[in-house]
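The values are calculated or read from the model by the stated rules, or taken from the named source; none is laboratory data. These figures come from a predicted structure and were not determined experimentally. Positions of Cβ are backbone-derived with ideal geometry, glycine not excepted, and every protein chain shown enters the neighbour counts.
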Amino acid sequence: MSKILMTYPEGKFKALTMSYDDGRAADRRLVRIFNDHGIKGTFHLNSGLMGTGDRIGQEEAAELYRGHEISAHTVTHPTIVRSPREQLLEEIVEDRKALEKVAGYTVRGMSYPNGSFNRQIKEMLPHLGIEYSRVVEATGGFGLPDDWMEWKATCHHKRNLMELAESFTQLHKQQYLYLMYVWGHSYEFDTDNNWDLIEGFCEFIGKRDDIWYATNIEIVDYFKAFRRLQFAASSEFVYNPSAQSVWISVDGTVVEIGGGKQVELK
């Protein structure tokens, strides 16, 4: 029997994703930095606060975040474990509705406002169209999440960012899949006067041939597409019912399983 392993697109085994909350004006500079270095980010927005203070307005958001992901963060950013269920439902569903009008696509991800969540909220989210949600706790490592509704990042950008980036780029054991996930708030670079930190990080880690640069939802979708692959009992062929391609390693050889295709693996 062949040894079959999931890989990231094009056979890569390392992925990077970035996650930034609140949609403040500093996102403009952060998006430019990401774009310059081929890095993708997910931006969690409060639709009810857009255009107030220094927050990005709805009329600007679609173009600003093009090529990245617009994700939910509730309408008004409450501490949702203290909210009644009726308000919780409205905060999430109405945020999705408003953001989908801006983005032009289905908003299926979220980060918890103020890091506030509990088991009941996690169990409710799939029924509200949410497929993942990020927490504020970080792991300091490069593992994959056990629970998409309690997705822990590798680090906040204030915590050993460059040391972790150097460790990540040196990973070489291809029997594993690695994910570096960085989160924060773009306005913190203004507050801390350290834009050089994120600029240096992106210059160092961007545009590498062995890293898949993805948004949060692209990672979720890819894993779900892999889980939908239909392998023959003998593992001699596989059918991909999804629209997107999935890549696997078969005895060390990278094989692309195109959307809607059946591929021989002998």
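Numbers below:
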| quantity | calculated |
| --- | --- |
| Residue within region 188-201 that is among the polar types (S, T, N, Q), farther than 29 Å from Ile130 by Cα, surrounded by fewer than 20 Cβ atoms within 10 Å (Cβ to Cβ) and at pLDDT below 95 present | no |
| Number of positions in region 109-137 that are over 15 Å from Ser47 (Cβ atoms) and not in a helix (DSSP H, G or I) | 11 |
| Members of region 159-191 found to be under 30 Å from Asp54 (Cβ atoms) and of a type in the set (S, T, N, Q), listed by number | Asn160, Ser186, Thr191 |
| Region 23-53, subset over 22 Å from Leu197 (Cα atoms) and not hydroxyl-bearing (Ser, Thr, Tyr), residue surrounded by the fewest Cβ atoms within 10 Å (Cβ to Cβ) | Gly53 |
| Selection from region 220-266 of residues that are within 21 Å of the chain's Cα centre (by Cα), more than 23 Å from Gln174 (Cα to Cα) and of a type in the set (Ser, Thr, Tyr) | Ser242 |
| Strands (runs of 3 or more DSSP E) wholly inside region 1-60 containing at least 3 residues that are over 25 Å from Ser167 (Cβ atoms) | 41-45 |
| Long-range neighbours under 9 Å by Cβ, at least six apart or interchain, first residue in contact (Cβ under 8 Å) with a residue 12 or more places away in the chain within region 46-75, second in a helix (DSSP H, G or I) and basic (Lys, Arg) | Ser47/Arg96; Ser47/Lys97; Ser47/Lys101; Ile56/Arg28; Gln58/Lys101; Leu64/Arg28; Ala72/Arg96 |
| In region 61-72, residue farthest from the chain's Cα centre (by Cα) [restricted to those that are surrounded by 18 or more Cβ atoms within 10 Å (Cβ to Cβ) and assigned to a loop (DSSP other than H, G, I, E, B)] | Tyr65 |
| Considering residues of region 76-98 that are touching a residue at least 12 places away in the same chain (Cβ under 8 Å) and of a type in the set (S, T, N, Q) only, the residue farthest from Glu123 (Cα to Cα) | Thr76 |
| Lone unmet requirement of (1) in contact with a Lys or Arg (Cβ under 9 Å, 6 or more places away or on another chain); (2) more than 17 Å from Gly109 (Cβ to Cβ) for Asn46 | (2) |
| Restricting region 1-18 to residues that are polar (S, T, N, Q) and surrounded by fewer than 22 Cβ atoms within 10 Å (Cβ to Cβ), the residue that is modelled with the lowest pLDDT | Ser2 |
| Subset of region 134-174 (residues that are among the small types (Gly, Ala, Ser) and over 18 Å from the mean Cα position of the chain (by Cα)) | Ser167 |
| Residues of region 161-187 satisfying the condition of being more than 30 Å from Ile4 (Cβ to Cβ) and surrounded by 14 or more Cβ atoms within 10 Å (Cβ to Cβ) | Leu161, Leu164, Ala165, Val182, Trp183, Gly184, His185, Ser186, Tyr187 |
